[in-house]
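See structure below.
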Amino acid sequence: MRSEGLCQRKIPITPSGIEPATFRFVAQHLNHCTTAVPLNTRKSKALAIGKWAAPATTLKIDFQDHINVLGVTFKSTITQSIKDSWAGVICSVRAQAKTAYARKLYLAQRLQYVQLCHLAKLWYVAQTFPLPNNYARHLTTICTWFIWKGATFRVPITTLQRPKKEGGWNMPSIEFKCKTILCNRIQMIGSRDVSVPMELMRKWDLTSKLRNPPNIYQVPSTLPYLR
């Protein structure tokens, strides 16, 4: 499939939306790239981004107020997309924690279950949207509630995040690992020769090599443990 022309073509914008000629170009390009499986407009969805109104298109694709793509919810604004995507993840993690709450598991088994089942739902969405701080605290509360089963005596979460040689359980920090995954994803996209982040990095003169690790003397030494 050759999509270079579609990706690099500048889309003309009018006050009411996209020009009809652009939709015709998209339709022709998609039909050219997918000769074996033509575009099914009945199963396709369109989303008006930002303040755009939903214009009538020649592709006859209905506009939606939101679109779900592989578990990630997209809405007209980034803020709404972040809230809805992470809200769905929290509901899923909470439901799974309630289902497995009555299982007879030791502490080590519960910690392993949290990492393999509960937290596994986070890492995919974390590559797309940043995790808000209040949602990170909510997810941490759900995990600690499952680990300690409502017990009065609890070990602080920062202790569980330490390495085993320091008396911890190598439990990752939800907030910092999500930030790390997102930064790594942005770095991978920016490393491509033809991409919007790479063009911005060239424009801002940020492509020169830095010493590794950069700003080593400015990183706080009391950060939570990152696995």
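At a glance:
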read-out: Helices (runs of 4 or more DSSP H) contained entirely in region 94-186, each with at least 3 residues that are exposed (fewer than 14 other Cβ atoms within 10 Å of the Cβ); value: 107-113, 120-126, 133-148
read-out: Any hit, region 110-122, residues being within 16 Å of C178 (Cβ to Cβ), modelled with pLDDT of 90 or more and either charged (D, E, K, R) or touching a strand residue (DSSP E or B) at 6+ places or on another chain (Cβ under 6 Å) (or both); value: no
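The values are calculated or read from the model by the stated rules, or taken from the named source; none is laboratory data. Everything numeric in this text was worked out from a predicted model, so none of it was measured. A quick note on method: Cβ atoms are made from the backbone with ideal geometry, for glycine too, and the neighbour counts reach across all protein chains shown.
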